[in-house]
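*Asks:* This structure is in structure tokens; I'll ask about it shortly.
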Amino acid sequence: MKILILSRDANYYSTRRLVEEAHQRRHQVQVADPLQCNIFIQAKPTLPHKEFLQNKGLFSISANNQDLSDIDIAIPRTGIIGIDYALLVLHQLELVGKPLLNSASALSITKNKFHCLQILCKAGIPIPDTMMTHNSNEVKATIKKLGGLPVILKLFRGSQGKGVILGENISAIQSILTAVWAIGYDILLQKYLRETKGRDIRILVLSNEVITAMRRIPAKGEFRSNLHQGGSVKKISPTREENALALEATKTLGLNLAGVDIMRTRKGPLVLEINGSPGFEGLEKITGMNIARRIIDFTTTLSNHRY
């Protein structure tokens, strides 16, 4: 089977492991940077009317002068850099009939943190209190509604703990918001839950099944638990309620693969965030599980599906 992995960095741990396991399974695999892909829409029909109505030949995609129309399936490893273009590339793959591990529409939702929380909350999934404003005169009222200082500030699009700030005083928060708004970015404010001490749980879901999980613990003096921010990890067994939340959140967003971040609070578990292109370096190392192989094996089962 011909597998395309869309990743900005072929040497990134999760991308490299997927390539290794695809080769072990004797699949052909190609890694392409989505920002190096060219996508083409034919403006005028030059095909027979029947083929034109079937959308054959109207869309094409290539990378580094190589046609990608002969791949069987694609695994998106989309980060935050160039995400709008990367999502167009994913839509183009769907238009030429190539199945994706996670659909372009589902990934588009996960890349917008606030919209993702809107959908989860609408589905009855518990989340932290979260607010947005573009009115500098409403900042104090917003913080009060979230329970007071400190609050968490998050850029709409961020990963590995980047773009996440702990706001501890009003003037600093107002300065941050003003700077972010000035460059055309959006940012959300979220209730800071002291009892979590910055810890959270990452649950990996694949094909409507909880594969494994770990607890992430911030480094000393840090409030972010991400491994890339110096945090440590520990294998855990989530509770039945936590597993159910992870599965329901993943299903709600229409994802086949997801990293679901959950916080344990006094009010019970809350879904903090969902990653549609989750890294699994920490999980493989602390569990010894061959997660990359499981992802490859599941992905190949989707090859019969066409959009």
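*Asks:* Once the other residues with Cβ under 15 Å from the Cβ of LYS235 are scored (Lys, Arg +1; Asp, Glu -1), what is the net sum?
*Replies:* Values: positive: ARG199, ARG202, ARG215, ARG216, LYS234, LYS285; negative: ASP200, GLU242, GLU281, GLU284.
Here the charged neighbours net out to +2.
*Asks:* Ok, one more. Can you pull the Rg over Rh of the chain, Cα-only, Kirkwood? Can you show the working numbers first?
*Replies:* Working: Rg = 20.7 Å, Rh = 20.7 Å.
Reported Rg/Rh, Kirkwood definition of Rh: 1.00.
*Asks:* Looking at the stretch 92-205, I'd like the Rg to Rh ratio, where Rg is from alpha-carbon atoms and Rh is Kirkwood's inverse mean 1/r. List each step's numbers first, then the result.
*Replies:* Details: Rg = 16.3 Å, Rh = 15.9 Å.
With Rg and the Kirkwood Rh in hand, the quotient comes to 1.03.
*Asks:* Using the reciprocal of the averaged 1/r over all distinct C-alpha pairs, how large is the Kirkwood radius of the stretch 68-148 in Å? Please list the in-between numbers first.
*Replies:* Details: mean 1/r = 0.0653 Å⁻¹.
With all distinct Cα pairs of the stretch 68-148 included, I get 15.3 Å.
*Asks:* Quick one: of the DSSP bridges fully inside the chain, what percent are antiparallel, nearest 5? Before the final figure, lay out each step's value.
*Replies:* Values: 41 of 52 bridges.
That works out to approximately 80 percent antiparallel.
*Asks:* Mind pulling up the Rg/Rh value for the stretch 55-111? Radius of gyration and Kirkwood radius, both on Cα. Could the numbers behind the result be given before it?
*Replies:* On the way: Rg = 11.2 Å, Rh = 11.8 Å.
With Rh from the inverse mean 1/r over Cα pairs, Rg/Rh is 0.95.
Every number here is computed from the coordinates shown, using simple stated rules; none is lab data. Because the structure is a prediction, the values reported are computed rather than measured. Positions of Cβ are backbone-derived with ideal geometry, glycine not excepted, and every protein chain shown enters the neighbour counts.
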